[in-house]
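Asks: Sharing a structure with you now.
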Amino acid sequence: MLIYCQGLEDYHLDELQHQCFNVESYDKVYHHYNFTVRMKMPEADWKVKLYFAEVKEVFRKKYYLCYPLDPNENGNSNCTPPSYMKYV
């Protein structure tokens with residue numbers, strides 16, 4: 001996050017807007033999150049920035065990804081239920 005926010009004075013998690021847990025197969029499990037971060041820049045008011053994060057587990061090893069989103073983006077949220085869930 002600091003790559004995008006040089007000169008950042010303070011920051012904190014603002015709001016978790018969306019989260020999703022998905023199991024594609026035994027070896028591919030992931031969580032998706034869309035959240036906002038409130039940031040204080042020098043000589044400026046607090047700004048709110050939208051982020052996407054993914055925690056993926058492949059063969060019991062976790063991988064992490066996080067990047068900022070544009071306000072009109074929805075993140076990489078492929079969290080539609082599997083087709084068999086229509087019948088449960």
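Asks: Add +1 for every Lys or Arg and -1 for every Asp or Glu among the other residues with Cβ under 15 Å from the Cβ of LYS40, and state the total.
Replies: -2
Asks: How far apart, in nanometres, would the label points at TYR67 and VAL48 be if each is projected 7 angstrom from Cα along the Cα-to-Cβ direction?
Replies: 2.4
Asks: Binning every alpha carbon pair distance of segment 10-74 at 5 Å from zero, what are the percents per bin?
Replies: Cα pair-distance distribution for segment 10-74, in percent: 4, 16, 22, 19, 15, 11, 7, 4, 2, 1.
Asks: Take peptides 9-20, 43-54, 59-70, 27-38 and line them up by average Cβ neighbours within 10 Å, highest first, as a rough protection proxy.
Replies: 27-38, 43-54, 9-20, 59-70
Asks: First select every other residue whose beta carbon is under 15 angstrom from the beta carbon of ASN22; then total the charges, Lys and Arg +1, Asp and Glu -1.
Replies: Charge balance in the 15 Å sphere: -1.
Values quoted throughout were computed directly from the atomic coordinates according to the rules given, and no laboratory measurement underlies them. Just so it is clear, the model here is predicted, and its values are computed rather than measured. FYI the Cβ positions are ideal-geometry reconstructions off the backbone, even for glycines, and counts take in every protein chain you see.
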